[in-house]
Amino acid sequence: MHRPMYRVELRDGADLDGFRRALRGLVALGVEPDEVTWSGGSAPSLFGAIPEAGAAPLPADAPPVPLPRPVGDLIGTVVCHRDPERYALLHRLVRRVVRGERDMLDHHADPLVQRLAMLDKAVRRDLHKMHAFLRFREVRDPDGGERYVAWFEPDHFIVEATAPFFVERFESLVWTILTPVGSLHWDRRSLTVGPAASRPEGLDRDDRFAEGWQRYYESTFNPARVNPTAMRAEMPRKYWANLPEAAAIPRMIRSAPARVQAMIEAEAAAPRRRNPDKAVAAMARQEPATLAELNRIIRAADPLVPGATQAVLGEGPVGAAIAIVGEQPGDQEDLEGRPFVGPAGQLLTRALEEAGIERGAAYLTNAVKHFKFVARGKRRLHQSPTAGEVKHYRWWLMKELGFVRPRLVVTLGATAALALSGRSVSVLRERGPMRFGQTGEGDWEGFVTIHPSYLLRLPAGEGAEQAHRDFVADLRRAREMVEGAG
Ligand code: URA
């Protein structure tokens, strides 16, 4: 029987950075999971791992533990769970992976894997609920500024994990999200993570909610008075006690974890792209309950780049087994208001038929809903959307797929693969099955293939014929994947 030798104190909530730091040291010393007790912030002045008498201190400079990506992703979600055993369970997982069971997450019957999968699923469900059901109210700050405020009660410690989602979605608004486990504040440039809030008064009445907000703003939180440079330093809590402003810090703002901060800095450094406040604000206020409602919103919104005749909506049955996502409507699609009716669409329809997929049974849509072009005389030449434009339209695409709920999402070309995976994908190298998403919304079984317009550009000949056969083979494989999955 092992005697507990280390006690690791992490901060309240989801302390991913603290957990990683402790894990490095524990792995470097080969500490067994049953030699550690973990606690989440019950003694805030003791930050880090405390060896009991006779145990070696954990090395501060232990190297990172190389882990397979699915394990890293799982850690990222499971630390957000409320289960007090989460860190111990993750330590057991990591210990086994480090010992050589690198594919242990594939062993679904393993009790540890099962337990972690349940925690992972609960956190993802919570993330999804927060993404989908959070509602902003428009309020006035005492200085007259316009702000959107939302109250949400998540089941788990997911507030920081949702920050990138809300920043991306509502980048052009000033907003605050209050929850009983922490708060987020976005001022169009930087994000701050604040302390837990209590339920605002008058949640059910706009006028009383606005008053409640003003009181909260004046008494607890005023971003204008917070020094952003000081906030940016990640200051371990053990130092707070020595600072003159110590009493204020816990109530004020703790900086976002490094990964969120890095994202914000990258966002701030990027040139401001054209950002249709109207459309984004409309997204903020509306939460479509059906595909038809979503389509009404898309139809009513202005194109990101002016010039398109109309929005081109997805087409096909809700519940289709396969969804096919293209880049954006072309010239003909823009005029007719239907996806894939021009030359590339006709080629796609033929290839689907050859692969044994009935076009009418699939759901066809695009990453971007409006045609973007440059005029050359009477011709309108297609222009690929930028990554920023893809990102802007992504919210709609994710909602749309959420309503259709296909078993497989086939992406045609690099733009669609970017929209689904959130990263740039080399279609020729990564062609084939790909799991998209992984966090909350946007988690799909996928299949990456070329765009049919690529085939239209190839000079006629054996090379083009082979490329066509390969495309059909991809679609056939996608069909088999769906059939195989039931
Ligand atoms: N290309 C696409 O990606 N989508 C269409 O709807 C038409 C052509």
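Brief remarks follow.
- Conditions (1) in a helix (DSSP H, G or I); (2) surrounded by fewer than 17 Cβ atoms within 10 Å (Cβ to Cβ); (3) modelled with pLDDT of 90 or more: number failed by Gly100: (1)
- Of all residues in segment 467-486, none that is within 10 Å of Leu352 (Cβ to Cβ) has its Cβ atom under 6 Å from the Cβ atom of a residue that is of a type in the set (Ser, Thr, Tyr) and surrounded by 18 or more Cβ atoms within 10 Å (Cβ to Cβ), 6 or more apart or on another chain.
- Of the helices (runs of 4 or more DSSP H) that lie entirely inside segment 319-409, those containing 1 or more residues that are basic (Lys, Arg), under 22 Å from Pro303 (Cα atoms) and in the same structural domain as Met434 (by TED's automatic domain parsing) span 387-404.
- Qualifying residue in segment 39-53 (condition: of a type in the set (Ser, Thr, Tyr) and at pLDDT 90 or above): no
- Meets criteria (in contact with a strand residue (DSSP E or B) (Cβ under 9 Å, 6 or more places away or on another chain) and within 16 Å of the ligand (Cβ to nearest atom)) for Leu408: no
- Tally, over segment 411-439, of residues that are without any contact (Cβ under 8 Å) to a residue 40 or more places away in the chain, away from the ligand (no atom under 13 Å from the Cβ) and not β-branched (Val, Ile, Thr): 12
- When residues of segment 332-348 are limited to those that are hydrophobic (A, V, I, L, M, F, W, C) and within 7 Å of the ligand (Cβ to nearest atom), the one farthest from Thr309 (Cα to Cα): Ala344
- Among the residues of this structure, Arg407 counts as one that is under 21 Å from the mean Cα position of the chain (by Cα), closer than 24 Å to Pro317 by Cβ, among the basic types (Lys, Arg) and modelled with pLDDT of 90 or more.
- So Gly72, is it under 30 Å from Gly388 (Cα atoms) and either among the small types (Gly, Ala, Ser) or in contact with a His (Cβ under 7 Å, 6 or more places away or on another chain) (or both): yes
- Test result for Asp302, within 24 Å of Met398 (Cα to Cα) and more than 12 Å from the ligand (Cβ to nearest atom): yes
- Residues of segment 135-189 that are within 17 Å of Glu201 (Cα to Cα) and among the small types (Gly, Ala, Ser): Ala150, Ser183.
- Selection of first residues in segment 343-359 that are farther than 15 Å from Arg476 by Cβ and of second residues that are at pLDDT 95 or above and more than 13 Å from the ligand (Cβ to nearest atom), restricted to Cβ pairs under 9 Å at least 6 apart or on distinct chains, gives the following pairs, ordered by first then second residue: Leu347/His468; Leu347/Phe471.
- All positions within segment 349-382 that are among the polar types (S, T, N, Q) and near the ligand (Cβ under 10 Å from one of its atoms): Thr365, Asn366
- Counting only residues that are among the hydroxyl-bearing types (Ser, Thr, Tyr) and within 15 Å of the ligand (Cβ to nearest atom), segment 383-399 holds 2 of them.
- Residue in segment 376-397 that is modelled with pLDDT of 90 or more, basic (Lys, Arg) and over 28 Å from the mean Cα position of the chain (by Cα) present: no
- Verdict on Pro329 being within 9 Å of the ligand (Cβ to nearest atom) and surrounded by 24 or more Cβ atoms within 10 Å (Cβ to Cβ): yes
The values are calculated or read from the model by the stated rules, or taken from the named source; none is laboratory data. All values reported here derive from a predicted model rather than from experimental measurement. Because the Cβ atoms are built from the backbone with ideal geometry, glycine has one as well, and the counts that use them run over all protein chains shown.
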